[in-house]
Amino acid sequence: MNILMIGIDCGKASIQEREKFSLTVSQGAKLGKRIVEEYGASGCVILSTCNRTELWFSGLEASPWEVLIGEMGSNRESYGGMFAERSGKEAAGYLFELACGMHSQIFGEDQILTQVKAALQNAREAGHTDQVLETLFRLAITGAKRVKSEVRLTNRNSSVPDKALELLEQETGELAGKRCLVIGNGEIGQLMAEKLVASRCSVTMTLRQYRKAEVRIPDGVTPIAYDRRYSVIGEMDFIFSGTLSPHLTVRKEDLCGMEESRTYRFMDLAVPRDIDPEIGSLPYAKVYDMDDLGTDTGCGEAELQKSAEILETYREEFFSWYRDRDYRKAVHHIGTRTGKLADAKLTREYRKIQISREDETELRKSIQAATQKSVEKLMFAAKDHMDEAQWHQCIKAFHKVSEEME
């Protein structure tokens, strides 16, 4: 099974180390294209989140480390202990668990499923996925959705914004009435703003372009232009930033209007980081990043067992598909050839029917398609009534016969 992955995550690397390998969507698209074109991979999917950057390959001719060294400037001697490599069934099984949040900093969190879906969609749009990775990721997403609907993996709130609020509440007490600035109107920013409103905070959110028809502003949130962020920071208790920008959104040297008698808390929800870490050196400021959110230990054995049983169904579906993928091509060929044979056998019958040439053409197409689908359905159904080796031999025999009849 030629499936490989290599990745760095919060379990082995600090945020300072992870952010060196963080990729924007456009950067990931360019890298994925080069991996396919220059390293001989059949497909590539790139997953880059706050807690991890992972490269997934199908049919890669080079080694994953060769890609990392060549494309991301990593040094195996310096970073080897921070990266995990997986291949074959181990890699596939890991992805099914990952999509459920079982390898997340916050066990069972929901955002990773959205991020895995986005990674696959980005690869599709950039044109660097293939049928193997498409099927693997699609089944992992489907399995994770079922786990999420049937199993409660955590008894606690399970998102990054939830953990951020939990940390702030532990340090400051009641959150109601706190003045908050949220920088960024993306998925994280909107979720953070909604959680703050639910906690009865006063929330302001930055927008780079304020057109009501183009952006969604959570209820109870006051929007301001992104360029005005520094003018209001001095009025705030909490400042959150969770953008996809490769540049800092808040710099120490640009802060103004700050009161030294207060304590400002800056919560950085991005990788690479949005907030200048040097702000933490100011006597009236505290800076938190993703690594400060801690970890969740997981859920009970019963929930884990049920999740494992659900995922096993989808893993086996993928492994079965992978084993049979070459035979599926043969079955399709057999069905197509049988459709053409049926069409040829009915030539005299077509002549007896008084219909136009256009209608005859459509009728013949329909008969060929119906025959093809019926044959394919019967051949796949036969798989349930014989062992795998027998079925493979059967398909090979029918495929050989169909080729001889052409």
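Could you run through region 187-209 and say how many residues are polar (S, T, N, Q) and not in a strand (DSSP E or B)?
The number of residues fulfilling the criteria is 3.
Across region 95-149, which residue is surrounded by the most Cβ atoms within 10 Å (Cβ to Cβ) among those that are acidic (D, E) and out of contact with any strand residue (DSSP E or B) (no Cβ under 7 Å at 6 or more places or on another chain)?
So, considering only residues that are acidic (D, E) and out of contact with any strand residue (DSSP E or B) (no Cβ under 7 Å at 6 or more places or on another chain), the one surrounded by the most Cβ atoms within 10 Å (Cβ to Cβ) is E109.
Out of K340, K400, K345, report the one residue that is over 30 Å from P161 (Cβ atoms), out of contact with any Leu (no Cβ under 9 Å at 6 or more places or on another chain), of a type in the set (K, R) and surrounded by 14 or more Cβ atoms within 10 Å (Cβ to Cβ).
Matching residue, one of K340, K400, K345: K340.
Out of (1) modelled with pLDDT of 95 or more; (2) on the phi < 0 side of the Ramachandran plot; (3) not small (G, A, S), what's the single condition that is false for R200?
Only one criterion is unmet by R200, namely (2).
Test E54 against the criterion of being surrounded by fewer than 19 Cβ atoms within 10 Å (Cβ to Cβ) and assigned by TED's automatic domain parsing to the domain that holds R138, and give yes or no.
Judged against the criteria, E54 is not a match.
Mind checking which pairs have a first residue in region 97-117 that is assigned by TED's automatic domain parsing to the domain that holds E166 and under 18 Å from I310 (Cα atoms) and a second that is at pLDDT 90 or above and part of a helix (DSSP H, G or I), Cβ under 9 Å, 6 or more apart or different chains?
none
Assess whether D324 counts as being within 30 Å of R273 (Cα to Cα) and in a helix (DSSP H, G or I).
No.
Using beta carbons and a limit of 8 Å, which pairs, at least six apart or on different chains, have the first residue in region 60-71 and closer than 11 Å to L4 by Cβ and the second one of a type outside the set (F, W, Y) and in a helix (DSSP H, G or I)?
L60/I35; L60/V67; W65/R76; V67/I35
For region 230-261, how many residues are of a type in the set (S, T, N, Q) and under 35 Å from the mean Cα position of the chain (by Cα)? Spell out how you get there, then give the answer.
First, pick out the residues of region 230-261 that are of a type in the set (S, T, N, Q): 231, 241, 243, 245, 249, 261.
Next, from what is left, pick out any that are under 35 Å from the mean Cα position of the chain (by Cα): 241, 243, 245, 249.
The number of residues fulfilling the criteria is 4.
Residue check, A140 against (1) at pLDDT below 95; (2) touching a Phe, Trp or Tyr at 6+ places or on another chain (Cβ under 9 Å), all met but one. Which one?
The single condition A140 does not satisfy is (1).
Could you tell me whether V160 is modelled with pLDDT of 90 or more, farther than 21 Å from W56 by Cα and among the β-branched types (V, I, T)?
No, not satisfied.
Before we move on, is E134 modelled with pLDDT of 95 or more and either under 23 Å from G186 (Cβ atoms) or touching a His at 6+ places or on another chain (Cβ under 8 Å) (or both)?
no
Looking at V331, V287, which one is among the β-branched types (V, I, T), surrounded by 15 or more Cβ atoms within 10 Å (Cβ to Cβ) and not in a helix (DSSP H, G or I)?
Numbers: V331 fails: not in a helix (DSSP H, G or I).
Criteria check complete, one pass: V287.
Scan T313, T295 and give me the residue that is closer than 25 Å to Y94 by Cα, at pLDDT below 95 and not in a strand (DSSP E or B).
Values: T313 fails: at pLDDT below 95.
Answer to the selection: T295.
Just give me the residues in region 16-37 being in a loop (DSSP other than H, G, I, E, B) and crowded, with 18+ Cβ neighbours inside 10 Å, in sequence order.
S22, L23
Assuming I367 fulfils every condition listed in (1) at pLDDT below 90; (2) over 29 Å from V132 (Cβ atoms) apart from one, which condition is it?
(1)
Considering only region 230-267, how many residues are small (G, A, S) and not in a loop (DSSP other than H, G, I, E, B)? Don't jump to the end; show me each part of the working.
Going through region 230-267, the residues small (G, A, S) turn out to be 231, 234, 241-242, 245, 257, 261.
Applying the additional criterion that residues be not in a loop (DSSP other than H, G, I, E, B) yields 231, 241.
Number satisfying all stated conditions: 2.
Within region 341-356, can you find the residues that are assigned to a helix (DSSP H, G or I) and either small (G, A, S) or within 50 Å of the chain's Cα centre (by Cα) (or both)?
Answer for region 341-356, where residues must be assigned to a helix (DSSP H, G or I) and either small (G, A, S) or within 50 Å of the chain's Cα centre (by Cα) (or both): L341, A342, D343, A344, K345.
The values are calculated or read from the model by the stated rules, or taken from the named source; none is laboratory data. Model, not experiment: these values are computed from the prediction. Every residue, glycine as well, gets a Cβ built from its backbone with ideal geometry; the counts of neighbours run over all protein chains shown.
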